[in-house]
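Take a look at the structure below.
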Amino acid sequence: MRKEIWVDCRKNEGLKKLSSLYGVTGVFGKSSTDIVYKITSAKDIEKLPLGKKYLFAECSDWDVIPAENMIARLSGTKIIIKTNDIEKMKTLKTTLEKGVAGFLVDKKASLIETCSLYKPSPKLKLVDGIVKEVRTIELGKRVCLDGIMSYKPREGLLTGFSSGFMFLADGETTENNYINTREWRVNAGAASLYTLCKRDGIITPRYLDDLISGDEVVVVGADGETRIETIGRAKKELRPMTFIKAEYNGKIGTTCPQTAETVRLVTPEGAKPIKEIKVGDKVKLYITEPIATHAGRPVKEKITEI
């Protein structure tokens, strides 16, 4: 989630030079009228001026309740909280759902980490590939990844046997007559498939089998827009599977989802159940150069995946 990042240079002039490198929103303290309001009680919040475009505040002991009260009282004002505490930021960014507008930092380490944390997720270029082979696998180990947030229609996870050729697996958001939707779930496929994750601040492919509760995955929509989702549960069971091969501009890639009506791949027109996928169908793909990894972390080496 994108937030405004401000730098307080009043005690550290050197941060001004860094601010241009990390693309911060603004530099605080240039004017003698710049004020950080100290919040120690509800009375302080009631005294805050109304109608300002920006209001900078620093909470003393409590953080969440004061932030909620400021958001509720100062409608139309961008509330910027002064803190260098990344864990506080993670909570305040969504307080009362929309969260505060941003953060004011005055330490170099916090500036770097905050900008890394709140820069936008990348938009990926998806292409339409052609299914070349569909084959039933009697039994395989499949992984469901259950998230914290719900998925939108045609939004899911990229999966594939090659880190450079991935299929867009749909979330379980489609209504049916037999079972409740699991709109927070992606039945991602075989345990040995890759998916894209956020780890140590970077995007990297990881095996589905390695993922556990608390790990972060890259959620992708049919338009290529992305967001980061936290895994609540990884659910692994033996199920009938379907091996699928697709082609795009001479490149070949494969995947292996569970064989079930509720499991779908995203297509240009919508999403199609695995049991209905056939040769000649178009499916959404993400194709790039394969990324070499060791124990789930990227390494610089040549890799071939076939």
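Just checking, which of 231, 212 is within 18 Å of the chain's Cα centre (by Cα), in a loop (DSSP other than H, G, I, E, B) and among the hydrophobic types (A, V, I, L, M, F, W, C)?
Just a single option satisfies the conditions, and that option is 212.
Tell me, which helices (runs of 4 or more DSSP H) lie completely within the range 19-105 with 3 or more residues that are closer than 15 Å to residue 3 by Cα and modelled with pLDDT of 95 or more? Give the derivation first.
On the way: elements: 42-46, 64-73, 86-92.
Helices (runs of 4 or more DSSP H) meeting the threshold: none at all.
So, residue 111, is that one buried (at least 21 other Cβ atoms within 10 Å of the Cβ), modelled with pLDDT under 95 and not basic (Lys, Arg) or not?
It is true that residue 111 is buried (at least 21 other Cβ atoms within 10 Å of the Cβ), modelled with pLDDT under 95 and not basic (Lys, Arg).
Where residues in the range 138-160 are among the β-branched types (Val, Ile, Thr) and modelled with pLDDT of 95 or more, which of them is nearest to residue 226 (Cα to Cα)?
159
Of all residues in the range 166-183 being in a loop (DSSP other than H, G, I, E, B), touching a Phe, Trp or Tyr at 6+ places or on another chain (Cβ under 7 Å) and of a type outside the set (D, E, K, R), which is nearest to residue 143 (Cα to Cα)?
Result: 171.
The values are calculated or read from the model by the stated rules, or taken from the named source; none is laboratory data. Predicted model, so just to flag it, every value in this text is computed and none were measured. When we count neighbours, we look across all protein chains shown, and the Cβ atoms used for this are built from the backbone with ideal geometry, even at glycine.
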